[in-house]
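Working notes for the structure below.
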Amino acid sequence: MDNQMEIKFLSKSENESFARIVACAFVSQLDPTTEEMADIKTAVSEAVTNAIIHGYEGRPDCMVTMRAEMEGDYVSFLIHDSGKGIENIERAMEPLFTTCAEEERSGMGFTVMESFMDDLEVESTLGAGTTVKMGKRILHTKR
Amino acid sequence: MQIEYNHQKKCLIVTIEGELDHHTAAAVRETIDKELFSGPAKNLIFDFGHLTFMDSSGIGVIIGRYKTVSAQGGKVVIACANQSVERILHLSGILKLTKVARTRGLALEMI
Ligand SMILES: Nc1ncnc2c1ncn2[C@@H]1O[C@H](COP(=O)(O)OP(=O)(O)OP(=O)(O)O)[C@@H](O)[C@H]1O
Ligand SMILES: [Mg+2]
């Protein structure tokens, strides 16, 4: 592994942009294109937002973990919450599926992560939490 | 995030500057709904010329406003979105409901 970092932050919505900025700063070492950077920023935002609004159901006093790793031109992110967990992961990942339609959620978060990253893996245990792992090859790399 | 709006030809034009995510969505929603319910506007233009970031929370905001506006027979147009915002608009399927315009002037012509 070439590089690694991990941060933990409170499940406050202010920290969604904080997590995006950290992710961008980390991946900037690989000299990504503007488009690759935007993809990662958006995917990380989806996972962190899900941890806050679904995992912790809006409680602002829980911890979200974000870990990032770099191996050659491949960067991966792990976003973890110790929240309520997902009952049916397969169904949750279907486009337009949401358990929060009345809160104007569109059910597109996982679809965005899947389309903007190369790999996506979701692990979840009811009552224990959710971990989202996603990775992307940065093609416009200096190295 | 900064939000500005003005009325033109029965149309509410909303300019969102900065980032539209879950954190900023509530304020955007509130401002637009207040204007839509109290003002004369029937149509809605989102001017995204200064929008630097949007995720699926923004999609939710747009779809929500689309429902209100189309229920009263109005149209929604999204103007001046940058490339990354446009990609998420495409992915979400929202462009089947709303139109996009390259400039604010073209957006007004579509209303
Ligand atoms: N970290 C999580 N903990 C618990 N449930 C989750 C988590 N992430 C996602 N889910 C569940 O999976 C569903 C789908 O998530 P997805 O991000 O695709 O859509 P959404 O968050 O509902 O809407 P959008 O992301 O478009 O605003 C959610 O409605 C929620 O029920
Ligand atoms: Mg989501």
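The values are calculated or read from the model by the stated rules, or taken from the named source; none is laboratory data. Model, not experiment: these values are computed from the prediction. Here the Cβ positions follow ideal geometry from the backbone for every residue, glycine too, while neighbour counts run over all protein chains shown. With ligands, DNA and RNA removed, areas are computed over all heavy atoms of the protein, side chains included. Shrake-Rupley method; radii C 1.70, N 1.55, O 1.52, S 1.80 Å.
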- Magnitude of the Cβ-charge dipole of chain A, K/R +1 and D/E -1, about the Cα centre, nearest 20 debye? 340
- Item | Dimensions in Å of chain B - Rg and Dmax from alpha carbons | 12.3, 33
- Quick one: putting +1 on the C-beta of Lys and Arg, -1 on the C-beta of Asp and Glu, what dipole do you get for the protein assembly as shown around its Cα centre, in Debye to the nearest 20? 1060
- Message: Under a crude label model (7 Å from the Cα following the beta-carbon direction), how far is A:TYR74 from B:THR52 in nanometres?
- Response: 3.2
- Can you find, among A:ASN88, A:GLY58, A:ALA19, the residue farthest towards the positive end of the dipole of chain A? Put +1 on the C-beta of Lys and Arg, -1 on that of Asp and Glu. A:ALA19
- Under 13 Å from the Cα of B:LYS42, which aspartates and glutamates turn up, not counting those fewer than eight places away in the same chain? B:ASP33
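Quick one: compute the contact order of the stretch B:2-110, relative version, from alpha carbon pairs under 8 angstrom and 6+ residues apart, as a percent. Walk me through the numbers on the way to the answer.
On the way: 182 pairs, mean separation 27.8, N = 109.
After rounding, I find 25 percent.
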- Message: If you restrict to DSSP beta bridges whose two residues both lie in chain B, what percentage is antiparallel, to the nearest 5?
- Response: 30
- Task: For the stretch B:1-58, run through the trypsin sites (Lys or Arg not before Pro) and keep only the ones in DSSP coil with at most 13 other Cβ atoms within 10 Å of their Cβ.
- Result: B:LYS9, B:LYS10
- Note on the structure: Rounded to the nearest 100 Å², the accessible area hidden between B and A, summed over both chains at a 1.4 Å probe radius, is 1800
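Looking at this model, which pairs from B:LYS9/B:LYS67; A:LYS12/A:LYS133; B:LYS10/B:LYS96; A:LYS84/B:LYS99 are more than 32 angstrom apart at the alpha-carbon? Intermediate values should be presented prior to the final figure.
Numbers: B:LYS9/B:LYS67 20 Å; A:LYS12/A:LYS133 21 Å; B:LYS10/B:LYS96 23 Å; A:LYS84/B:LYS99 38 Å.
Cα-Cα > 32 Å for A:LYS84/B:LYS99; rest within.
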- For A:ASP118, which sequence-distant residues (separation of 5 or more, or a different chain) have an amide H within less than 5 Å of its own amide H, given hydrogens modelled in the peptide plane? A:GLY135, A:LYS136, A:ARG137
- Per residue accessible area of chain A, 1.4 Å probe, in Å²: 48
- Roughly what would the spin-label model give for B:LEU106 and B:GLU86, points 7 Å off Cα along C-beta, in nm? 0.8
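How high is the FRET efficiency between A:GLU123 and A:CYS100 when r is their beta carbon distance and R₀ equals 22 Å, given to the nearest 0.05?
Values: r = 21 Å, r/R0 = 0.96.
Plugging the Cβ-Cβ distance into 1/(1 + (r/R0)^6) gives 0.55.
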